Amino acid sequence: MGVAALAVVALPAAGCSWLFVHGPPPEHQQLSYVDCTGSNVLPTLDVIISAIGALDAVGMLADGSNSSSARANKEQFGVLVGGAAAFAASSYYGYHRTAACRAAESEALNRAGMQVGYPLPFAPRPVTDPWIAHPAPTPRIWDPPPATPAPADAGSHDAGPDGETDAGSAP
């Protein structure tokens with residue numbers, strides 16, 4: 001009975017994602033900053049714990065030993081399967097919430113007029129060898145456009161400083 005009571009108390013707390021992953025607020029479409037959990041670390045931790053619990057339960061089934069406490073083995077098996085299922089559900093919830101968070105953060109950046117993804121001011125630059133000729137740098141979106149040369153006037157290129165042309169003079 002003690003193992004079952006512990007399982008009933010522990011199952012609501014099973015899963016890092018249920019406890020610590022926060023999705024975007026409901027009004028995130030109007031916010032300029034979204035505060036939520038965008039990292040997949042906790043849902044991944046839930047997957048690992050769920051897999052360990054499931055493998056332990058499979059190992060208990062494969063053991064096949066006939067012990068005197070068969071009822072305790074059934075309770076332990078139930079706790080392992082229930083815990084693995086709870087952590088698996090928590091990981092699903094966590095991955096869903098973190099994906100929604102990243103989408104909401106991306107929308108907030110787009111509303112603010114910032115480009116999401118590369119190139120950003122902190123984008124990594126390619127590594128080049130200092131001993132070979134470098135290709136021309138690629139323009140970045142925050143660089144000003146290159147200046148275009150002014151069109152040349154058709155008659156002004158032959159004129160000297162005083163406005164006379166050199167067409168009739170000898171070399």
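Quick look at the numbers
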| read-out | value |
| --- | --- |
| So residue 86, is it surrounded by 12 or more Cβ atoms within 10 Å (Cβ to Cβ), aliphatic (A, V, I, L, M), at pLDDT 90 or above and out of contact with any helix residue (DSSP H, G or I) (no Cβ under 6 Å at 6 or more places or on another chain) | no |
| Helices (runs of 4 or more DSSP H) lying entirely in the stretch 1-66 (those with 1 or more residues that are buried (at least 17 other Cβ atoms within 10 Å of the Cβ) and modelled with pLDDT under 85) | 2-10, 16-20 |
| Residue within the stretch 92-108 that is at pLDDT 65 or above, aromatic (Phe, Trp, Tyr), within 40 Å of the chain's Cα centre (by Cα) and farther than 30 Å from residue 21 by Cβ present | no |
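The values are calculated or read from the model by the stated rules, or taken from the named source; none is laboratory data. Model, not experiment: these values are computed from the prediction. FYI the Cβ positions are ideal-geometry reconstructions off the backbone, even for glycines, and counts take in every protein chain you see.
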